[in-house]
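The values are calculated or read from the model by the stated rules, or taken from the named source; none is laboratory data. Being a predicted model, the structure only gives us computed values, none of them experimental. Here the Cβ positions follow ideal geometry from the backbone for every residue, glycine too, while neighbour counts run over all protein chains shown.
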Amino acid sequence: MTSPAAFLAPIVLLLSPPAPVDEAGNASASRNSVVEGRAEPGWRVFDEVRGAPVQRQVRIEQRVIIRIVPRSAATRQGMSSFVEAPRPNTRLVERKAGDCVPAAAVGAVQPAPDNRLMLFMRDRRLYSAKLERSCHARDFYSGFYVERNDDGMICVDRDKLQSRTGSKCEVTAISQMVRQRD
């Protein structure tokens, strides 16, 4: 519970007269005088607060974190809203992609073998993001968080993906996965 003194202190400060000032610009000692042999410690505290320098700075920080979730069970079982089902005699091969992918275009994520994350894009493309050696893709089974940059991209050797379990990993390579017929 808040003390009544905390509520009354601003009122006392407003109603109390300003401290007298001598010719040198210093507050006189009459405010901190001794009354009946005792010092008034409460008034000294108010004087110190009143004399504190005023800071006129405002600092506004904005931090946006993007959450990428794993593919849902319904998507995996047959809706295939991200990637068409593989046809017979086709396989996925890696093709070199740029160093960045748009973070807003990533629709879902799924851990893959060889310490990779499969990034399912909203426009039905599929990317593979290789994680640094000290990380494990299986830690990202429940998705990941990434802090939004000014350019809105997830880039190689720049961005760290944070799994929902707490581990942070840097992306070391990004490649696009495309179907190839045998």
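Some points to look at:
- Residue within the range 136-144 that is more than 14 Å from P70 (Cα to Cα), among the polar types (S, T, N, Q) and at pLDDT below 90 present: no
- For the residues T172, T90, the requirement of being at pLDDT below 90 and among the β-branched types (V, I, T) singles out T90.
- Residues that are free of Cβ contacts under 8 Å to residues at least 60 places away in the same chain and over 15 Å from the mean Cα position of the chain (by Cα) within the range 168-182 comprise C169, E170, V171, T172, A173, listed in sequence order.
- Screening G152 against (1) farther than 20 Å from R71 by Cβ; (2) out of contact with any helix residue (DSSP H, G or I) (no Cβ under 7 Å at 6 or more places or on another chain) leaves a single unmet condition, (2).
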